[in-house]
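The values are calculated or read from the model by the stated rules, or taken from the named source; none is laboratory data. Because the structure is a prediction, the values reported are computed rather than measured. So basically every Cβ, Gly included, is an ideal-geometry build from the backbone, and we count neighbours across all protein chains shown. Areas reflect the complete protein model, heavy atoms only, side chains present, ligands, DNA and RNA absent. Shrake-Rupley method; radii C 1.70, N 1.55, O 1.52, S 1.80 Å.
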Amino acid sequence: MKSGVRRVVLVGTGFVGMSFAYSIINQGGIEELVLIDVNHDKAEGEAMDLSHGIAFAPDKTEIWAGTYADCGTADIVVVTAGVNQQPGETRLALVERNAKIMRDVVKNVMKSGFNGILLIASNPVDVLTYVAWQESGLSRHRVIGTGTTLDTARLRHEIGKYLNVDPRNVHGYIVGEHGDTETPLWSHTTVGVKPLLDIIQDDPQYKFEDLEQIYVNVRDAAYHIIDRKRATYYGIGMCTTRIVKAILNDENCVLPVSAYLNGQYGIKDIFTGVPAIINRNGVREVYNLNITKEERDQLHKSVDILRETLQTVL
């Protein structure tokens, strides 16, 4: 990473990439945003469009369509490049096509002399984060996937709606694959400081059986959105912004990113969504929570499926 000017490079100016770009410009905190795309004209058009709104943004930001050479002095390279998930298609079905794209992108990024943090938001994110890590040669702490950040945000939304409380006061995590085998950690979910399970136990208007429907709503949210509008992008764009700001501001905050496991939860050599402390150096620490046997079994099942998929592209 360079010191001084905060530069973020975005590779991929599709719906997800530009949702992130629009979000980060409106929230502020960076000084340079470089857009890279195989369609350079599109990147130029997007840069122009965003630049025209800087007069109303919280911070002055220089935005331009660049090349991989611009990665050399970047703090963070965000990768959203890849083909989209089609209606009825799982995230894991995307793997072969997007693994090739990811390798090409990371190879070009590293040729620039890049020494910052790679943030992967392309699907299937856990598998592609591993691919990016291998291709980059960077420390595992400096390659991060968006993981289950969006799934966790959806969980907080659903619980907030169920209890009629502000989702920002709901604290809990989805872990594992960003996809069909993800699992909620009910044992570590609180509203304010009160455990969710205690709230349900103490109030007859709530039922433990409703937790399954909340989980299904979270797990299947992307399918419902894709059926209606063909893609999801606003939510993940905002989640990506949150991770970028946590890195640049050296926050040491806890986010459920796709991080490398090296024995935590009895799992090794895989990237998957788990709560981790994020700061200027990337992943400072992966939390090894004391979860229930059922939650651990579900997490292991999710990781086993990820590992099988990963083997097809290594």
Mind ranking 135-141, 197-203, 151-157 by how tightly packed they are, going by the mean number of other C-beta atoms within 10 angstrom, highest first?
151-157, 135-141, 197-203
Proximal lysines relative to Lys207, as straight alpha-carbon distance under 18 Å, when same-chain residues fewer than 8 apart are discounted
Lys161, Lys194
Sorted peptide list for 298-309, 43-54, criterion being average Cβ within 10 angstrom, highest first
298-309, 43-54
If the elastic network links every pair of Cα atoms under 10 Å, which of Thr149, Thr183, Thr232 fluctuates the most in the Gaussian network model of the chain?
Thr232
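With a cut-off of 8 Å between alpha carbons and a minimum separation of six or more residues, what is the relative contact order of region 115-252 in percent? Each step should come with its number before you reach the end.
On the way: 145 pairs, mean separation 25.7, N = 138.
Taking the mean separation of contacting Cα pairs over the length of region 115-252, I get 19 percent.
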Per the 1/(1 + (r/R0)^6) rule, R0 = 22 Å and r from the Cβ atoms of Asn169 and Arg280, FRET efficiency to 0.05 is 0.20
Using the crude model of +1 on Lys and Arg Cβ and -1 on Asp and Glu Cβ, and no other charge, please compute the dipole size for region 148-312 relative to its Cα centre, in debye to 20.
600 debye
Checking the cross-link filter: which lysines have an alpha carbon closer than 21 Å to that of Lys293, excluding same-chain neighbours under 8 positions apart?
Lys268, Lys301
Solvent-accessible area per residue, Å², over the chain with all protein chains present [probe radius 1.4 Å]:
44 Å²
In the chain, what percent of the accessible surface is made up of carbon and sulfur (1.4 Å probe, ligands and nucleic acids excluded)?
50 percent
FRET efficiency for Tyr234 and Ala57, Cβ-Cβ distance as r, R0 = 22 Å, nearest 0.05?
0.75
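How big is the dipole moment of the chain about its Cα centre under a simple scheme where the beta carbon of each Lys and Arg is +1, that of each Asp and Glu is -1, and everything else is neutral? Debye, nearest 20, please. It would help to have the intermediate numbers written out before the result.
Values: 32 positive and 39 negative charges, 118 e Å.
It works out to roughly 560 debye.
How large is the helix-only mean residue ellipticity at 222 nm for the chain, computed as the sum of -39500 (n - 2.57) over DSSP H runs with n ≥ 4, divided by its residue count, in deg cm²/dmol to the nearest 500? Working shown, then result.
Working: 10 runs with 129 residues, N = 314.
Taking each H run of at least 4 residues, the total per residue is -13000 deg cm²/dmol.
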